[in-house]
């Protein structure tokens, strides 16, 4: 009987861990764990993060993204301007062949501008990524990580990593 309980517990753990991992593949691109932090109830903007591994032989370019959760999505990065860290919008983000590009707090990220509702811990929402070569890739953003931080920490000053 104990062997049966062990087997059932193992199966439940395996299925739960599989449900938590979410990754996507299209056109040589492997997109791993798209996520966002929870946002305060009246937040105007949020951000999303993910890792893109170009396993193909051709370079690709992230051209943009969209989600029903926000009016628009912009690609942003952080740059040092003197002794100040500043956020800057990018028109596109190159994804070279054979390389991995991380969109993470404190670096490249997707800004969700004009939130229609604030993402809450445990939520999931759709996001469509647009690539020059791979085309549109539908992913699901998992809202996890830490509770919302003041704006300056969310945009890189706190350097919190997932």
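The values are calculated or read from the model by the stated rules, or taken from the named source; none is laboratory data. Small disclaimer: the values here were computed from a predicted structure and weren't measured. Glycine gets a Cβ as well: all are built from the backbone with ideal geometry, and neighbour counts include every protein chain shown.
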Taking the stretch 133-153 only, how many residues are loosely packed, with under 15 Cβ neighbours inside 10 Å and modelled with pLDDT of 95 or more? 4
For the stretch 28-58, which positions are over 8 Å from the mean Cα position of the chain (by Cα), more than 15 Å from residue 113 (Cβ to Cβ) and surrounded by 23 or more Cβ atoms within 10 Å (Cβ to Cβ)? 52, 54
Taking the stated definitions as given, is residue 65 assigned to a strand (DSSP E or B) and in contact (Cβ under 8 Å) with a residue 60 or more places away in the chain? yes
